[in-house]
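Peer 1: Okay, here's the structure, questions in a sec.
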Amino acid sequence: MMIGITGTPGTGKSAAAAELRARGFLVVDLKTTVAPYVVAHDAVRDADEVDVDAWADAFSYTEGYVEGSLAHFLACDKIVVLRCRPDVLKLRLASRGYAAAKVAENCQAEALDVILSETADMFASEQVYEIDTTNRDVVSVADLIVSFAAGEIPASFGTIDWSEFLDPML
């Protein structure tokens, strides 16, 4: 069984993956698999553009956890979407040294449910679990991921609403 962990940058994917690895789980960092499929680099957004279809078609893992902002494009058995309140996400991304425009873009994407919407387009509702990481420690996030993967807690998504954080200039 392959379990995906996806979300906007800064929502806690890498931290949750590190905790899962520390517990002995196999976790693939998807950033290490996309290089052959990068078709361009958007200097304005400071982001690589990936041929997602070619990458997903060539992806060969089928067991364990896969973690990254593109995980929801893979044929996972279950998918976990990590979320973070945009005002907190802004602080997390700024502390990483992200440019102001990149911080704003990612906070708007989070407020607009972009990753969740893409995930909902790709997966049946019983395959998706959404976790608000805003005030959760990494151990509790990992506990929820493992419990969902094991079928101990039901799928749940669509209850987080960050629309109050949308930029009024959109």
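The values are calculated or read from the model by the stated rules, or taken from the named source; none is laboratory data. Only a predicted model underlies this, so the values are computations on that prediction, with no experimental measurement involved. We place every Cβ from the backbone using ideal geometry, glycine too, and count neighbours over all the protein chains shown.
Peer 1: What's the number of the only condition in (1) at pLDDT 95 or above; (2) outside any helix (DSSP H, G or I) that residue 158 fails to meet?
Peer 2: Of the numbered conditions (1) at pLDDT 95 or above; (2) outside any helix (DSSP H, G or I), the odd one out for residue 158 is (1).
Peer 1: Name every residue in the stretch 26-51 that is in a loop (DSSP other than H, G, I, E, B) and farther than 27 Å from residue 145 by Cα, in order of residue number.
Peer 2: Within the stretch 26-51, 43, 44, 45, 46, 51 qualify.
Peer 1: Next question. State the number of residues belonging to the stretch 51-71 that are buried (at least 19 other Cβ atoms within 10 Å of the Cβ) and without any contact (Cβ under 8 Å) to a residue 24 or more places away in the chain.
Peer 2: Qualifying residue count for the region: 1.
Peer 1: Can you tell me which residue within the stretch 72-114, out of those that are closer than 13 Å to residue 13 by Cα and among the basic types (Lys, Arg), is surrounded by the fewest Cβ atoms within 10 Å (Cβ to Cβ)?
Peer 2: 92
Peer 1: Continuing with this model, one more query. Considering only the stretch 29-39, I want to know if a residue exists there that is farther than 21 Å from residue 123 by Cβ, among the small types (Gly, Ala, Ser) and within 15 Å of the chain's Cα centre (by Cα).
Peer 2: Checking the stretch 29-39: not a single residue is farther than 21 Å from residue 123 by Cβ, among the small types (Gly, Ala, Ser) and within 15 Å of the chain's Cα centre (by Cα).
Peer 1: Which one of 46, 51, 42, 57 is among the acidic types (Asp, Glu), touching a Phe, Trp or Tyr at 6+ places or on another chain (Cβ under 7 Å) and farther than 18 Å from residue 81 by Cα?
Peer 2: One residue alone meets the criteria, 51.
Peer 1: Select from the stretch 68-77 the residues that are more than 14 Å from residue 129 (Cα to Cα) and of a type in the set (D, E, K, R) and list them in ascending order.
Peer 2: Passing the criteria: none in range.
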